[in-house]
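One structure below.
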Amino acid sequence: MGMSEFYGEADEAQSTRTIQRALELGIDFLDTADMYGQGHNEELVGRAVAGRRHDVVLATKFANRREGGERWVDNSPEWVHEACDNSLRRLGVDHIDLYYMHRRDPGVPIEESVGAMAELVEQGKVRYLGLSEVSAETLRAACAVHPISALQSEWSLFTREIEEEIIPAARELGVGIVPYSPLGRGVLAGALTSSDELDDDDFRRSSPRFQGENLRANLERVQRVRRLADQVGCKPAQLALAWLLHQGNDVVPIPGTKRVQYLEENLGAADISLTEAQLRALDEAVPPGSTAGERYAEAGMATVEH
C-alpha cells in the first residue's frame with residue numbers, strides 16, 4: 001500500500017526493486033488492493049512480477065470505492081464481478097490467487113456478496129476467497145456459502161481485539177489469519193518519536209493513536225518492546241513480527257515496506273525463536289487493550305466490524 005499512497009512519497013523504481021528482492025529471498029505472497037493508489041498499486045505489482053507469475057501467490061481486494069472525493073463500500077454482486085475484471089486487467093494476469101472483500105457494507109447480505117465471489121471461483125478468475133475486518137458472526141455466515149481461506153484484519157502487539165472472538169471463530173472454521181499492520185503502522189519499529197516527523201499526506205496524521213497524549217503513551221509502550229528486543233538480540237520490528245509468527249502456523253503477517261533494507265530486516269523475524277517467558281514478557285509489556293486511541297478516525301472505525 002505504501003508504495004502507492006498513504007505513507008508519504010513513493011518511488012516506483014525503488015518499490016519494484018523491493019518486490020523483486022522479496023521474490024529473490026523466497027517471499028512469494030504479495031498483497032495489494034484495487035484502492036491503493038486507485039489501481040496504481042495493482043499495476044505496479046503486475047509489472048514487478050511479470051515473467052514470474054507462477055512464483056507468486058497474488059492477493060488483491062475489492063469493495064472500497066473512491067470517485068470525485070467520495071469514498072464508499074460497495075459489496076454488490078455487480079461490483080464484485082466488475083471490480084475483479086478491473087483487477088485482472090491492471091495486474092496483467094488471468095487469475096487472482098486470493099480475492100478479498102476489503103470492507104463490508106452491512107446493507108448488502110454477506111450471502112449475496114460471497115455468492116458472487118464464489119461465481120468468480122467457478123469461472124476460474126479467482127482461486128480462493130478472503131474477507132477483511134469482519135466479525136465472527138459475518139465470518140460464519142460467509143463460510144456457510146463458500147469456503148473462506150483467509151481473514152485479513154489488523155493484528156499486532158498494539159491491536160489485539162480480534163483475539164477474543166474473531167481468532168477463535170477463524171480457527172474453528174479453518175480460516176487462515178493474515179494480520180495487516182503487524183508493526184502497528186510502523187510505530188513498533190521504534191523509529192518514530194513524534195507525529196511532526198510524518199509527511200503532510202501521511203495517513204497516520206489522522207489516526208487517534210498518533211496524536212498528542214495518545215502517541216506519547218504509545219511510545220512508552222514501544223520503549224518496553226525495544227528493551228525486550230535488546231534482551232532477545234534483535235530489532236523491535238523483528239520482535240513484533242516474531243511475536244505474531246509464534247501465535248500459530250495459521251498466521252501469516254504481511255509487513256509493508258518500500259525499501260529493501262527494511263524488507264530484509266523484517267525477514268529476519270522468521271529466524272527468531274521466542275521462549276514462553278519472552279512471550280509472557282511481551283504480553284505484560286503491551287497488554288491487550290492498553291494501546292491509547294482508536295486505530296482509525298471515526299469514519300474509518302465505522303467500516304470495521306467487531
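The values are calculated or read from the model by the stated rules, or taken from the named source; none is laboratory data. Fair warning: this is a prediction, and the values are worked out from it, not measured in the lab. Positions of Cβ are backbone-derived with ideal geometry, glycine not excepted, and every protein chain shown enters the neighbour counts.
Descriptive notes on the structure:
- Qualifying residue in segment 166-179 (condition: of a type in the set (Asp, Glu), in contact with a helix residue (DSSP H, G or I) (Cβ under 8 Å, 6 or more places away or on another chain) and modelled with pLDDT of 95 or more): no
- Every residue from segment 115-144 that is closer than 19 Å to VAL73 by Cβ, of a type outside the set (Ser, Thr, Tyr) and over 18 Å from the mean Cα position of the chain (by Cα): GLY115, ALA116, MET117, LEU120, GLU137, ALA141, ALA142
- Qualifying residue in segment 63-74 (condition: touching a helix residue (DSSP H, G or I) at 6+ places or on another chain (Cβ under 7 Å) and not in a loop (DSSP other than H, G, I, E, B)): no
- One residue from LEU91, LEU131, LEU58 being in contact (Cβ under 8 Å) with a residue 12 or more places away in the chain, closer than 22 Å to VAL304 by Cβ and out of contact with any Ser or Thr (no Cβ under 6 Å at 6 or more places or on another chain): LEU131
- Criterion violated by PHE158 - all others in (1) surrounded by fewer than 20 Cβ atoms within 10 Å (Cβ to Cβ); (2) closer than 29 Å to ALA240 by Cβ satisfied: (1)
- Residue among ASP97, ASP105 that alone is outside any helix (DSSP H, G or I), out of contact with any Leu (no Cβ under 8 Å at 6 or more places or on another chain) and touching a residue at least 40 places away in the same chain (Cβ under 8 Å): ASP105
- Filtering segment 27-43 to residues that are among the hydroxyl-bearing types (Ser, Thr, Tyr) and either within 26 Å of ALA270 (Cα to Cα) or not in a loop (DSSP other than H, G, I, E, B) (or both) leaves only THR32.
- Selection within segment 108-130 - of a type in the set (S, T, N, Q) and more than 19 Å from ARG140 (Cα to Cα): GLN123
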